[in-house]
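Structure first, then comments.
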């Protein structure tokens, strides 16, 4: 099917696919204010590192149109940058567009749209480089495990790790794919499965905790994931559950490959321990589809991300290079 853009600028506002409505409905939302954009980011209506970078840049374009006063505009820009703390792309996209503020609204928007176009191009390059690497490491028909959602929904179109999966499928070189469900918001079973189905890729869904065992049982030739931040030493910050898959891959001796754009490389943060890990509301764990599933009064801990140490990573694939 024709690709859809996760996020774009349309007639003076940001338009997104509301990822909280999937897979039941494909809903496009129009965000005409900074408040609306920040709320959408925090609710995960728009998510994924590259998409958040574009959202941050387009948010500055909204802010400069919404606020004439410098103080109000700066406050709005800070709110956008801080809407989610863990993914480096959001703040980077904000800074990139905000650097053009002295040149006026048109320059800010032009920079945001340039970032959008770069992320679209990056998805295609990562797909080809990643597919080549997986074929080199695993042979002509690899069976892959992927985690969270790393397709076009996490970017603008195309994606990161999931773009590699679909590129192998396009080449007739995919032996199979397992998508882990990805707690707590089930982004694998809701979003990755939806995207794989649209692409005509046969898949199986597994609970997160089954991943390491399926690797040990010989059903996976490589693990392919995305990243929300890659630190200077190579530590990878990604959706909670990634670390367990990396441990399982290391134990079984299968490749663990991270696919992420250059914009996700954070040279200013030395290691994963220095990253602020977002803890989300306990109801995301204690409820399912709005229905309580835990006893009354139960508490929960809900980190949205974890850190995979660099020594567990076989390679990082960006749109420009393969870092082994």
Query raised in the report: Can you tell me how many residues in segment 45-69 are surrounded by fewer than 19 Cβ atoms within 10 Å (Cβ to Cβ) and either more than 18 Å from residue 106 (Cβ to Cβ) or touching a residue at least 60 places away in the same chain (Cβ under 8 Å) (or both)?
Result: 1
Query raised in the report: Can you tell which of 52, 90, 37, 58 is in contact with a strand residue (DSSP E or B) (Cβ under 6 Å, 6 or more places away or on another chain), closer than 30 Å to residue 282 by Cβ and not in a loop (DSSP other than H, G, I, E, B)?
Result: 37
Query raised in the report: Restricting segment 140-151 to residues that are at pLDDT 95 or above and surrounded by fewer than 20 Cβ atoms within 10 Å (Cβ to Cβ), which is farthest from the chain's Cα centre (by Cα)?
Result: 141
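Every residue, every condition in (1) more than 29 Å from residue 115 (Cα to Cα); (2) assigned to a helix (DSSP H, G or I); (3) modelled with pLDDT under 95; (4) out of contact with any strand residue (DSSP E or B) (no Cβ under 6 Å at 6 or more places or on another chain), yes or no:
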{"position": "224", "(1), (2), (3), (4)": "no, no, no, no"}
{"position": "234", "(1), (2), (3), (4)": "no, no, no, yes"}
{"position": "237", "(1), (2), (3), (4)": "no, no, no, no"}
{"position": "244", "(1), (2), (3), (4)": "yes, yes, no, yes"}
{"position": "247", "(1), (2), (3), (4)": "yes, yes, no, yes"}
{"position": "267", "(1), (2), (3), (4)": "no, no, no, yes"}
{"position": "273", "(1), (2), (3), (4)": "no, yes, no, yes"}
{"position": "298", "(1), (2), (3), (4)": "yes, no, no, yes"}
{"position": "319", "(1), (2), (3), (4)": "no, no, no, yes"}
Query raised in the report: Taking segment 249-265 as the region of interest, how many residues are outside any helix (DSSP H, G or I) and over 25 Å from residue 152 (Cβ atoms)?
Result: 2
**Report entry** Some residue of segment 9-19 being within 28 Å of residue 170 (Cα to Cα), at pLDDT 95 or above, part of a loop (DSSP other than H, G, I, E, B) and within 18 Å of the chain's Cα centre (by Cα)
**Finding:** yes
Report summary line: Among 179, 154, 131, the single one that is in the same structural domain as residue 223 (by TED's automatic domain parsing), under 14 Å from the mean Cα position of the chain (by Cα) and crowded, with 18+ Cβ neighbours inside 10 Å is 154
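The values are calculated or read from the model by the stated rules, or taken from the named source; none is laboratory data. Note that this is a predicted model, so its numbers are computed, not measured. FYI the Cβ positions are ideal-geometry reconstructions off the backbone, even for glycines, and counts take in every protein chain you see.
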